[in-house]
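Note sheet for the following structure.
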Amino acid sequence: MQNQKPLVSVHLLTYNHAKFITQSIESVVNQKTNFSFEIIIGDDHSTDGTSQIVDQYAAEYPELIKVVRGKTNGGPQPNSIRILENSQGKYMAALEGDDYWIDPLKLQKQTDFMEQNPDFAICFTNTRVEFFENNEEPYLLNSTIEKDVFELKDLIAETEVWFMGTATLFYTMSSIFPVQPWFHKTKSGDIPMIMLAARHGKIKYLPDVTAAYRRHSAGASNTDHKDDAKFLENRIMMYTNLDKDTGYKFHDKFKRNLGGWYYLLLNSKQYQSLYFKKLRIAAKYISLMYPNIPQLKLVLRDHLIPQWVMEVTRKIRRALGMIN
């Protein structure tokens, strides 16, 4: 079966996952399908033994597994693009090297649905969230999901929307590749990929629990620092480009989303003492949120009105008996 052109390319992204990568690869190798698939492993020059494990599997399954690497460690997005450039499938199934699949029929179920429903660009399933470093009980990510078909407009809100386990994402390759020129600069891979793919079709949720997502200190979600200006400016860049690349069809939604990121930027550690630079950020926040500006009083108090003015105002009000 593996001599046929693969119908599905498994996009396995890894960097320093030596503790997890064996289980991750085994969970793909053990998939039961009636079609051919391939596993493209992007190893971003791991330094913990991951590379040796990956190469051993590639030697054991030469017709199934291909390993791709850049010249140097380049980060997750260049690594992801490299995988896509080497993929042959009609569909792409995502997986990161610290997660794994728990249903041997995962690929078959998602492929069957997508083949029967060509108006869909994305399919995802329920995910079991596990805790690697403590004894917290696992839980299901989508235990309260209310519908099973989504569109692009469902993915844009004032706060970031995330309810699709990355390890369950399954796309039509034509909806995600080639990628937009700005994609390699983003700190998030799945959010922009989902939104860009959703331009080309609907999104289907299957209730089957097919994957396990591990939460641990080195996981990607723990590198998102919402008090860090570099992270926040990267999100602003990403959502600005998503607004443009969706033809400004959802501009009102994106404006409020961007406004939320500018508000966080105002409170970032790098801008705490930069009054004049914060004026520009505050003006951008107000213009994006106008006329419904939820944090206007806080912005005026904490960022626009100088502290000495606030102190003088308090003293005057106290002298007039307006406050204690």
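The values are calculated or read from the model by the stated rules, or taken from the named source; none is laboratory data. Not measured: the values here are computed from a predicted model. Please note: Cβ atoms are built from the backbone with ideal geometry, for glycine as well, and neighbour counts cover all protein chains shown. The accessibility values were calculated without ligands, DNA or RNA, using every heavy atom of the protein model including side chains. Shrake-Rupley method; radii C 1.70, N 1.55, O 1.52, S 1.80 Å.
Kindly indicate whether Arg215 is open to solvent by less than 70 Å² (accessible area, probe 1.4 Å), touching a Phe, Trp or Tyr at 6+ places or on another chain (Cβ under 6 Å) and either modelled with pLDDT under 95 or within 30 Å of Tyr100 (Cα to Cα) (or both). No; evaluated as a whole, the condition is false for this residue. Exactly one residue out of Asp245, Asp224, Asp228 is touching a Lys or Arg at 6+ places or on another chain (Cβ under 9 Å), at pLDDT below 80 and closer than 30 Å to Gly97 by Cβ: that is Asp224. Taking residues in segment 125-139 that are touching a residue at least 40 places away in the same chain (Cβ under 8 Å), and partners anywhere that are in a strand (DSSP E or B) and small (Gly, Ala, Ser), the pairs with Cβ atoms closer than 6 Å and at least 6 places apart or on different chains are Thr127/Ala211; Arg128/Ala212; Glu130/Ala212. Restricting His11, His45 to those that are over 21 Å from the mean Cα position of the chain (by Cα) and farther than 13 Å from Gln108 by Cα reduces the list to His45. Filtered by the rule that a residue be open to solvent by less than 30 Å² (accessible area, probe 1.4 Å), under 16 Å from Lys32 (Cβ atoms) and outside any strand (DSSP E or B), segment 93-126 gives Asp103, Lys106, Leu107, Gln108, Gln110, Thr111.
Conditions (1) buried (at least 24 other Cβ atoms within 10 Å of the Cβ); (2) touching a Leu at 6+ places or on another chain (Cβ under 9 Å); (3) closer than 22 Å to Asp190 by Cβ; (4) in contact (Cβ under 8 Å) with a residue 40 or more places away in the chain, marked per residue:
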site: His11; (1), (2), (3), (4): yes, yes, yes, yes
site: His17; (1), (2), (3), (4): yes, no, yes, yes
site: Ser36; (1), (2), (3), (4): no, yes, no, no
site: Ile40; (1), (2), (3), (4): no, yes, yes, yes
site: Ile53; (1), (2), (3), (4): no, no, no, no
site: Glu63; (1), (2), (3), (4): no, no, no, yes
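Identify the single condition in (1) under 24 Å from Ala198 (Cα atoms); (2) of a type in the set (Lys, Arg); (3) touching a Lys or Arg at 6+ places or on another chain (Cβ under 9 Å) that Arg69 does not satisfy, given that it satisfies every other one. Going through (1) under 24 Å from Ala198 (Cα atoms); (2) of a type in the set (Lys, Arg); (3) touching a Lys or Arg at 6+ places or on another chain (Cβ under 9 Å) one by one, Arg69 breaks only (1). Whenever a residue of segment 271-286 is in contact (Cβ under 8 Å) with a residue 40 or more places away in the chain, its partners that are open to solvent by 30 Å² or more (accessible area, probe 1.4 Å) and in a helix (DSSP H, G or I), lying with C-beta atoms within less than 8 angstrom and at least six residues away or across chains, give the pairs Tyr271/Lys277.
Where helices (runs of 4 or more DSSP H) fall wholly inside segment 196-300, the ranges with 1 or more residues that are within 30 Å of Lys147 (Cα to Cα) and not hydroxyl-bearing (Ser, Thr, Tyr) are 229-245, 251-266, 275-289.
If you check Val129 against the conditions, is it part of a loop (DSSP other than H, G, I, E, B) and of a type in the set (A, V, I, L, M)? Considered against the rule, which asks whether it is part of a loop (DSSP other than H, G, I, E, B) and of a type in the set (A, V, I, L, M), Val129 comes out as no. For segment 1-88, the helices (runs of 4 or more DSSP H) that sit wholly inside it and include 2 or more residues that are modelled with pLDDT under 95 are 76-85.
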